[in-house]
Amino acid sequence: SLSLSLFRIYVARRRRRRMSSMMLRADRSAMMGTKTTTTTGFKNGSSIQRTRTTTKRCCFSVAASGVVKNTTTKLSVNVDPNLWTALESSAVQKAGLEKPEKFTKDFSKPMSIPREGIEAAMRVMESGRVFRYCATSAETSEVAKAEDEFAEMVGQKYAIGVNSCSSAIFIAMLATGVEQGDKVLTNGFTFTALPSCILRIGCEPVLVECTENFTMDLDDLDKKAGESGAKVLLMSHMRGKVCDMDRVVQICEKHGMKLIEDCAHGCGVRYKGRQLGYHGVVTAYSTQSDKVINSGEGGFITTDDDDIAARCLYMSGCYERRYNKHARMPPQELCEKYMLTMPNLSSRMNEVTAAMMRPLITNLYPERLPRYMERWVLISSVIDSMSGEYVSIPTSGPNVEDVGDHLNFTLKNFTEEENAKFREITTELGVNLGWFTSSVNARFHKNWEKYGTPKYDLPQTDKVLEFSYDMKMPPDFETEDFQHIGHVISYAVNKVKGLCV
């Protein structure tokens, strides 16, 4: 697939850059040389010549020498790092020594709702049938159609629309038999919603260490599974980073644990060629505004298990015999069984939410994922070329095809003071990063202690997160914007390290 090919290109570029990094660092003060006029690449299987007049290029300010001067020249490079010439690669690295212009676009703007979704939502509001069970049938229900399309996209038998991913997680735990007083294993690095949902049931979250690639430490998981006696693992694929899922399944089977997957950040991520989320008995997805499907708030519960599906259907808010308004209805005898025996948590998705999101379900794989990965490869390559000596970008393993909707990175060989100065410079230049160990970050386990999460000693996680950052890559930004953002991040690194004269 394109995303996997782009990822492999990025990895290959990192290897080549490391091999030549010592030579290039020694050459920081060398002259840039003349500009080439064309680059060679491939399009639709044919060789093509790309000239510097192409619109798909980035412009870096490059000093006439390897030091910052007031007078600069502009050097244009292709937005596809795989088409960079040797001269361009060297130029990109040296551009990281020069202060870029301030980035002025708004990182807070979510993905726009497609016109098709807006019109569908308006039709729902005009009809007055906003409540999902006001639809005359499953065939006329926007939620039922969204459930059917989402289940098809992720390759699972059932999808049940709910009002948030937190509701999906909460209901999934209840449906798998989690009870008050149980211990539930979960990530020490994830969003605050996970321990919150565990505590909401009256259970105890047992936090597991993370690795430098932001994935769960499976050795620590194996150890704590044995020590805790937990019967459920609630695993978050934080920022779409995925560990060895085959080993996860083995650990769960060894300790008799059920696996619930939190794919809030995993929609569009593929493991061994298939949409992530199929290893668990039940999985939760998010359609909150910062995710790759934007419905404001929303989520899905997915499963292949008939019994779990029937339980979730009624706990999510189905009642009486309204199960026939689900396009993917569990067996009728199970629906009848749980109709009066499952608590109704009124966590339903509404028709407007479903209507606006359905076009985003349809176009995620064929249209948007390739573009997301192109942008991620560009910014990662820029950072790696300009400041790779001091910046590590976590990647998933060879079985994983990423989404690239967020940039995460870790500063290497930085002091606390340098870390603070780095944040100051990026903020001044218009790039506001999420620092994972700030006193307000909802993903830092020490901040969860303030509402009752048990205190855990997670030295490995703390070491990783202390110098790690998070940045949303807004879908409406242009691809070229990400070379600018990568330049800002790299300049801040180089400035702090005293490399900018």
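Keeping every protein chain present and rolling a 1.4 Å probe, give me the accessible area per residue for segment 359-428 in Å².
On the way: 2330 Å² over 70 residues.
Accessible area per residue: 33 Å².
Given that compact globular proteins tend to follow 2.2 N^0.38 Å, what is the ratio of the alpha-carbon Rg of segment 213-289 to that value?
That works out to 1.07 for segment 213-289.
Tell me, what is the per residue accessible area of segment 447-501 in Å², probe radius 1.4 Å?
Accessible area per residue: 38 Å².
Which ³J(HN,Hα) values, rounded to whole Hz and listed in residue order, are derived for segment 434-447 from phi using the Karplus coefficients 6.51, -1.76 and 1.60 in 6.51 cos²θ - 1.76 cosθ + 1.60 with θ = phi - 60°, glycine and proline given as x?
The phi angles translate into x, 8, 5, 10, 5, 5, 10, 5, 6, 9, 9, 4, 5, 6 Hz.
Report the per residue volume, in Å³, of the convex hull enclosing the C-alpha atoms of segment 257-302.
Numbers: hull volume 2.9 nm³, N = 46.
Convex hull of Cα atoms, per residue: 64 Å³.
Using θ = phi - 60° and the Karplus relation 6.51 cos²θ - 1.76 cosθ + 1.60, list the HN-Hα couplings for segment 303-312 in order, rounded to whole Hz, with x at every Gly or Pro.
6, 9, 8, 4, 5, 5, 4, 5, 4, 5
Apply the Karplus curve 6.51 cos²θ - 1.76 cosθ + 1.60, θ = phi - 60°, to the phi angles in segment 147-159 and return the couplings in whole Hz, x for Gly and Pro.
Each residue's phi maps through the Karplus curve to give 4, 5, 5, 5, 4, 5, 5, 8, x, 10, 5, 10, 9 Hz.
When Rg is the radius of gyration of the Cα atoms in segment 333-401 and Rh is its Kirkwood radius, what does Rg/Rh come to?
Numbers: Rg = 21.7 Å, Rh = 17.0 Å.
Using only Cα positions, Rg/Rh for segment 333-401 is 1.27.
For the residue pair residue 274 and residue 104, what label-to-label distance in nm results when each label sits 7 Å from Cα along the Cα-to-beta-carbon direction?
That separation, rounded to one decimal, is 5.0 nm.
How far, in nm, would the chain grow between residue 476 and residue 125 when pulled straight, counting 0.36 nm per residue and subtracting the alpha carbon separation? Working shown, then result.
On the way: separation 351, 0.36 × 351 = 126.36 nm, distance 2.67 nm.
Between residue 476 and residue 125, full extension yields an extra 123.7 nm.
Filter the trypsin sites (Lys or Arg not before Pro) in segment 68-171 to those in DSSP coil with at most 11 other Cβ atoms within 10 Å of their Cβ, and list the result.
Numbers: sites: 69, 74, 94, 102, 105, 115, 123, 129, 132, 145, 157; in loops: 69, 102, 105, 129, 157.
Loop-located and lightly packed - 69, 102.
Are there any GluC sites (Glu not before Pro) in segment 146-200 that are in a DSSP loop and have at most 14 other Cβ atoms within 10 Å? List them by number. Don't skip to the answer; put the middle values down first.
Working: sites: 147, 149, 152, 179; in loops: 179.
When the GluC sites (Glu not before Pro) of segment 146-200 are filtered for loop state and at most 14 Cβ neighbours within 10 Å, 179 remain.
Accessible area of segment 259-403 with a 1.4 Å probe: how many percent of it is carbon plus sulfur?
On the way: 2090 of 4500 Å².
In segment 259-403, the share of accessible area belonging to carbon and sulfur is 46 percent.
Loop only by DSSP, 15 or fewer other Cβ within 10 Å of the Cβ. Give me the trypsin sites (Lys or Arg not before Pro) in segment 365-428 that pass, ordered by residue number. Intermediate values should be presented prior to the final figure.
Values: sites: 368, 371, 375, 412, 421, 423; in loops: 412.
Here the trypsin sites (Lys or Arg not before Pro) that fit, given the DSSP loop and packing criteria, are 412.
Normalised by the number of residues in segment 140-205, what is the relative contact order in percent for Cα pairs under 8 Å and 6+ residues apart?
Dividing the mean separation by the residue count of segment 140-205 yields 26 percent.
State the Kirkwood hydrodynamic radius of segment 175-230 in Å, one decimal place, computed from all pairs of distinct Cα atoms. Please list the in-between numbers first.
Working: mean 1/r = 0.0857 Å⁻¹.
Radius from the Kirkwood sum: 11.7 Å.
The values are calculated or read from the model by the stated rules, or taken from the named source; none is laboratory data. These numbers come from a predicted model, not from an experiment. Here Cβ is always computed from backbone atoms with ideal geometry, including for glycine, and neighbour counts include all displayed protein chains. Heads up: the accessible areas ignore ligands, DNA and RNA and are worked out on the full protein's heavy atoms, side chains in. Shrake-Rupley method; radii C 1.70, N 1.55, O 1.52, S 1.80 Å.
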